[in-house]
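A quick write-up on the structure given underneath.
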Amino acid sequence: MDKLIIEGGRRLEGEVAISGAKNAVLPILAATLLTSGRNEIRGVPRVRDVFTMIRLLRNLGARLESFEGDTIVIDSSGVNNPEAPYELVSTMRASCLVLGPLLARLGQAKVSLPGGCAIGARPMDLHIKGLQAMGARIELIQGYIHGTAEKGLNGNRIYFDTVTVTGTANLMMAAALSVGETILENAAREPEIVFLADVLGRAGANIQGQGTDVIIIQGAAALKPIQCRIFPDRIEAGTYMIAAAITGGDVEIIDCIPQHLEPLIHKLQEAGIQVEVGDSRLRVKGGNRFKSTDIKTQPHPGFPTDLQAQMMALMTLAEGQSIIVENVFENRFMHAAELVRMGAKIILDGHTAIVKGVGQLCGAPLMATDLRASASLVLAALAAKGESVISRVYHIDRGYEAMEEKLVRLGAKIRRVK
């Protein structure tokens with residue numbers, strides 16, 4: 001497995017461009033299953049999760065015509081296989097997004113249960129209940145979801161007991177090819193959901209209410225092939241903002257959408273870090289010391305859970321004590337133990353982490369446990385005294401495009417070894 005070796009203590013300076021949003025492109029790739037034709041998706045990040053989804057789509061019968069630069073062309077005319085096998089689904093949770101489209105298009109689906117996850121179970125029950133309400137017959141057999149809808153899916157009113165991003169996306173895609181009207185209540189409001197709704201709308205579905213907690217979908221008999229450009233990744237942008245802050249640097253983040261980052265901007269400013277906001281760029285200036293600030297993760301528009309680990313790394317060096325509450329996933333403090341090994345003072349109590357700032361972190365051998373935890377360890381290593389070696393960096397490759405190259409251009413001393 002690859003490792004990253006980071007020599008800390010270097011101030012980051014310069015400009016970094018943000019890649020397309022991983023969490024936006026994966027649902028769009030799944031949505032190509034609803035079409036029959038040549039789909040063209042631009043602004044695609046070349047990350048491991050994208051390549052995994054492409055492998056899954058090809059397994060289902062789609063044909064990848066090209067993936068050149070940041071543009072994917074995929075022909076979904078030949079989609080005829082309803083099975084998403086365990087060996088693909090187990091490597092990426094977002095693979096479950098093919099369940100709704102397969103049922104809507106083929107009238108059947110056999111999708112492996114994703115199983116556990118390093119940051120929590122994230123069960124499929126809300127997806128299943130919603131599809132059953134739309135007329136699908138679903139059984140769980142030997143670790144697979146077997147779904148049939150021989151006469152197609154029918155619209156219905158569906159209430160989510162808890163906010164679910166993948167559940168909202170799955171049912172919205174299924175509803176796009178269903179008969180009649182579907183109403184999703186307590187729906188997710190993330191930018192990625194709004195974007196998916198807009199793209200499906202341009203393909204022929206009638207969708208209203210995206211960005212609110214009630215989404216109304218009028219199903220279409222058929223959808224046109226998808227043509228779109230993926231918007232910039234708000235989590236990648238936020239990670240580089242925190243990288244600038246934790247190293248006392250001066251970094252301009254370009255090709256981003258500042259409105260998507262308002263919760264983070266507010267918290268950084270609350271901590272005394274300078275953030276200048278432009279139309280499609282942000283400039284973050286860190287100082288020698290900054291204040292602690294409390295964090296509570298929430299579904300959008302609250303503070304994103306995908307930036308919690310990075311903020312914890314930052315708070316290990318803040319003046320005072322911060323309280324971080326994780327309200328989205330039940331097991332998302334696995335990075336805390338690694339930060340403690342670097343000299344951080346962190347006490348965990350269930351969903352709450354109490355972080356007391358220290359004057360300095362020290363480099364150490366570290367092990368990444370999930371995508372965002374790995375990013376937090378990179379940030380801590382950038383600010384630490386001495387050398388850190390981070391193992392299992394394949395987690396980083398799942399969601400960050402060319403992370404070490406971008407950091408090196410900002411002045412970091414970081415290299416990958418096999």
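Taking the criterion of being assigned by TED's automatic domain parsing to the domain that holds residue 199 and without any contact (Cβ under 8 Å) to a residue 12 or more places away in the chain, would at least one residue in region 71-87 satisfy it? Walk me through how you get there before you give the answer.
Taking region 71-87 and keeping what is assigned by TED's automatic domain parsing to the domain that holds residue 199, we get 71-87.
Pick out the ones that are also without any contact (Cβ under 8 Å) to a residue 12 or more places away in the chain and you get 87.
Yes, region 71-87 contains at least one residue that is assigned by TED's automatic domain parsing to the domain that holds residue 199 and without any contact (Cβ under 8 Å) to a residue 12 or more places away in the chain.
Looking only at region 329-348, count every residue that is modelled with pLDDT under 95 and either of a type in the set (S, T, N, Q) or out of contact with any Asp or Glu (no Cβ under 9 Å at 6 or more places or on another chain) (or both) and tell me the total.
3
Tell me which of these residue 46 doesn't satisfy, since it passes every other one: (1) modelled with pLDDT of 95 or more; (2) out of contact with any helix residue (DSSP H, G or I) (no Cβ under 9 Å at 6 or more places or on another chain); (3) not in a loop (DSSP other than H, G, I, E, B); (4) not hydrophobic (A, V, I, L, M, F, W, C).
Going through (1) modelled with pLDDT of 95 or more; (2) out of contact with any helix residue (DSSP H, G or I) (no Cβ under 9 Å at 6 or more places or on another chain); (3) not in a loop (DSSP other than H, G, I, E, B); (4) not hydrophobic (A, V, I, L, M, F, W, C) one by one, residue 46 breaks only (3).
Taking the criterion of being out of contact with any helix residue (DSSP H, G or I) (no Cβ under 9 Å at 6 or more places or on another chain), farther than 16 Å from residue 165 by Cα and either hydroxyl-bearing (Ser, Thr, Tyr) or not in a helix (DSSP H, G or I) (or both), would at least one residue in region 228-241 satisfy it? Step through it out loud before you land on a result.
Filtering region 228-241 down to residues out of contact with any helix residue (DSSP H, G or I) (no Cβ under 9 Å at 6 or more places or on another chain) leaves 229.
Next, only the ones that are farther than 16 Å from residue 165 by Cα stay: 229.
Pick out the ones that are also either hydroxyl-bearing (Ser, Thr, Tyr) or not in a helix (DSSP H, G or I) (or both) and you get 229.
Yes, the conditions are met somewhere in region 228-241.
Given region 58-148, what helices (runs of 4 or more DSSP H) lie entirely inside it while holding 1 or more residues that are modelled with pLDDT of 95 or more and of a type in the set (S, T, N, Q)? Steps first, please.
On the way: elements: 86-89, 99-106, 125-133.
Correct list: 125-133.
Suppose we filter 373, 384 for residues that are buried (at least 24 other Cβ atoms within 10 Å of the Cβ), at pLDDT below 95, within 23 Å of residue 409 (Cα to Cα) and not assigned by TED's automatic domain parsing to the domain that holds residue 49; which single one remains?
On the way: 384 fails: at pLDDT below 95.
Going through 373, 384 in turn, just one is buried (at least 24 other Cβ atoms within 10 Å of the Cβ), at pLDDT below 95, within 23 Å of residue 409 (Cα to Cα) and not assigned by TED's automatic domain parsing to the domain that holds residue 49: 373.
In the set 204, 272, 248, which member is without any contact (Cβ under 8 Å) to a residue 40 or more places away in the chain and in contact with a helix residue (DSSP H, G or I) (Cβ under 9 Å, 6 or more places away or on another chain)? Write out each step before concluding.
Values: 272 fails: in contact with a helix residue (DSSP H, G or I) (Cβ under 9 Å, 6 or more places away or on another chain); 248 fails: without any contact (Cβ under 8 Å) to a residue 40 or more places away in the chain.
Answer to the selection: 204.
Are any residues in region 217-251 polar (S, T, N, Q) and either under 27 Å from residue 70 (Cβ atoms) or under 26 Å from the mean Cα position of the chain (by Cα) (or both), and if so, which ones? Can you show your working first?
The first filter runs over region 217-251 and keeps only residues polar (S, T, N, Q), leaving 218, 227, 239, 247.
Result: 227, 239, 247.
The values are calculated or read from the model by the stated rules, or taken from the named source; none is laboratory data. Being a predicted model, the structure only gives us computed values, none of them experimental. As a convention, Cβ positions derive from the backbone with ideal geometry for all residues, glycine included, and neighbour counts pool all protein chains shown.
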